[in-house]
Amino acid sequence: MASIILGGAPRTRRRQPTRQSLAVFEVKAALLRVRRTASEFGRAPPRLARAVSRTGFDDVAALSVTGLWTDPSLAEHAMQQGKVQNLRRAAAALDGLLLRPGEVFSFWRQVGRATRGRGFVAGRMLREGCLMPAVGGGLCQLSNALYDVALSAGCRIVERHAHSHRVPGSAAAEGRDATVAWNYVDLRFEAPAELLLSVRLTSRDLIVSLLTKEGAVIERAAQTGETPAEAAVREAASCGSCDQTSCLLHEHHHGGGAKVVAGRRAFVVDEFWPEFAAYVETARQPEDAICAPDFRRWSAAGFKEAHAAKRQGVMRSLGWRLTPPQGAARRSADAGSTASIAEALARRLPTDATDITVAQSLLPQLWRSGALGGRTVRVLMTRLPIGVLQARLDAAFAAHPDRPTLSDYRAEPWFAEAEAEALAAADEIVTPHAEIAALFEGRATLLDWHRPSPPSAAPARGDVFTFPGPTVARKGAFEVREAARRLGAKLRPVGAELEGPDFWSGVAVDRPGGSWLEGVRAVVHPALAEGAPRRVLEALAAGVPVIATAAAGLPPQPGLTIVPMDDVEALVAAMEAAG
């Protein structure tokens, strides 16, 4: 064999396969697949269950960290993107699996066959010393990492196959690699104790770990050395840089060489906010993708139409017609429809998108599905993290057990966990909400709130206080009612009365006949939680004073008085001082 120069280093020109040798290989592989299927008929390892919650699995028994983008050359960019996409799909099948003693983990039993129909794409596969394109290529990086952590955690190896191509001088003697090929070359192991498998992709690394609740932990530093498989890949000839285009395995014969788009972004959006529309319009490049519900243009009208259709579909599916559900039933319906939208939008994500901007409402589902792995992630945040929000509502309910709407809904544990994990891993938080931005100091980009145009004529001032929110405890309705009773003030509620028709008993109620701001002394909104303070912004634009809590998310400004949450005394004082 002759030597050639590829990428500046001498490599050996490998013997090219013939059509006959390829046919023989495919026949042998098919026979091996049939033999494996027949030998395990009725005896294959069962699929392992996913843990309901990760709570308690705080100790790391074993950890492997390997880089995703190992070849910076533009020629390999498409195949690198394909490998990362394949790792995303496989990680989604493995992350969160519960490994109990006596149960056998099987790579292929959990991941399934890598086909285009299941979202796998072409990536580099090491075969006969060459890196050739193949659907599902790159999964050996994951099998290597799994074998590595299994050994470190003391698992019993049931089946493992080393890579056939070993490079002199590599770490092959350590035996830390494991190749896989559907379905006859598998990786199987049995855990010595109850373990939780975590498989995550950051924007740069594949992180595989085995977590345990037990106190006796095998602590192991992240893998930094080169594995035998990585050394083999380093030494292998790649189709992207190989000049042997006559080779039957070369990507030139399989539609390779397509134009590569590097650094492409995708915006995965759902609910329309004008602040985010302006942000996306500024950040988006012509080649970037918008993944949104079923409408052509990302606009206010389009979002309203899409959300109306979504809500109608949810209501019809649950038997609701004219009256929308409230409380937990409505939240459950919204969660179900949002999960469906997230799943659909994940399928639209371009494989070559390495920078994702995602709506907070879709974040937990996309995180758990693995769709965000291997990508830089920005989150468009519209509310407090669910864990922070629920803790605030729990504390308020403990102080006011007579207010049931403080506890009428709590997210599923997996939802809160997934959102917390995704937010911790996110590269940037984008929001106009000042309170939310303060939680992510150093990572937050604070947008300006969209201000409506002021009215042509300022509303006349009067002695009426107006409450813009619905009568639920988290919006501060109980504090407003108590303050109005103490002051003997006239109150104009403009939101839905969800606490019952007698909620405002003992308060002089003024029902608006025209503009809700006409004759108003101040807008009062002492909420515990507020996502989009649109009415408050409208009032400030019209020159009407506003009394609100920090939960409104507004920065200090003329006309705005900030009062503490759940503090009737402070609210009364602010209402008295309103001019």
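Taken over the stretch 389-417, residues that are open to solvent by 70 Å² or more (accessible area, probe 1.4 Å) and either in contact with a Pro (Cβ under 7 Å, 6 or more places away or on another chain) or under 24 Å from G500 (Cα atoms) (or both) amount to 6.
All of A91, A114 fail the test of being in a loop (DSSP other than H, G, I, E, B), buried (at least 21 other Cβ atoms within 10 Å of the Cβ) and in contact with a strand residue (DSSP E or B) (Cβ under 9 Å, 6 or more places away or on another chain), apart from A114. Filtering the stretch 522-560 to residues that are surrounded by 19 or more Cβ atoms within 10 Å (Cβ to Cβ) and assigned to a strand (DSSP E or B) leaves A522, V523, V524, H525, V546, I547, A548. Residues that are at pLDDT 95 or above and hydroxyl-bearing (S, T, Y) occur at least once in the stretch 350-358.
Restricting the first member to the stretch 134-149 and to residues that are more than 15 Å from V121 (Cα to Cα) and in contact (Cβ under 8 Å) with a residue 60 or more places away in the chain, and the second to residues that are open to solvent by less than 10 Å² (accessible area, probe 1.4 Å) and among the acidic types (D, E), the beta-carbon pairs closer than 9 Å and six or more apart or on different chains are N144/D177; D148/D177. Here the stretch 487-515 is the region considered, the condition is being in contact with a Gly (Cβ under 9 Å, 6 or more places away or on another chain) and part of a strand (DSSP E or B), and the residue that is nearest to A458 (Cα to Cα) is R492.
Residues of the stretch 22-53 that are part of a loop (DSSP other than H, G, I, E, B), at pLDDT 85 or above and among the basic types (K, R): R47 alone. Against the numbered list (1) touching a residue at least 60 places away in the same chain (Cβ under 8 Å); (2) part of a strand (DSSP E or B); (3) more than 24 Å from the chain's Cα centre (by Cα), T66 comes up short only at (3). One residue stands out in the stretch 495-521 among those that are at pLDDT below 90 and under 40 Å from the mean Cα position of the chain (by Cα): the one that is most open to solvent (accessible area, probe 1.4 Å), namely L498. Taking (1) open to solvent by less than 20 Å² (accessible area, probe 1.4 Å); (2) among the hydrophobic types (A, V, I, L, M, F, W, C); (3) modelled with pLDDT under 95 in turn, A425 satisfies each apart from (1). A single member of A328, A306 is in contact with a Phe, Trp or Tyr (Cβ under 6 Å, 6 or more places away or on another chain), at pLDDT below 50 and assigned to a helix (DSSP H, G or I), and it is A306. When the strands (runs of 3 or more DSSP E) confined to the stretch 400-485 are screened for residues that are within 21 Å of the chain's Cα centre (by Cα) and in contact (Cβ under 8 Å) with a residue 24 or more places away in the chain, those reaching at least 3 such residues are found at 428-431. Residues in the stretch 362-381 that are of a type in the set (S, T, N, Q) and either open to solvent by 30 Å² or more (accessible area, probe 1.4 Å) or assigned to a strand (DSSP E or B) (or both): S369, T376. The C-beta contact set for the stretch 38-61 (first residue open to solvent by 30 Å² or more (accessible area, probe 1.4 Å), second residue in a loop (DSSP other than H, G, I, E, B) and modelled with pLDDT of 90 or more, distance under 6 angstrom, 6+ apart or interchain) comprises R50/G96.
The values are calculated or read from the model by the stated rules, or taken from the named source; none is laboratory data. Keep in mind the model is a prediction, meaning the values are calculated, not measured. Virtual Cβ from ideal backbone geometry, glycine too; neighbours counted across all protein chains shown. Heads up: the accessible areas ignore ligands, DNA and RNA and are worked out on the full protein's heavy atoms, side chains in. Shrake-Rupley method; radii C 1.70, N 1.55, O 1.52, S 1.80 Å.
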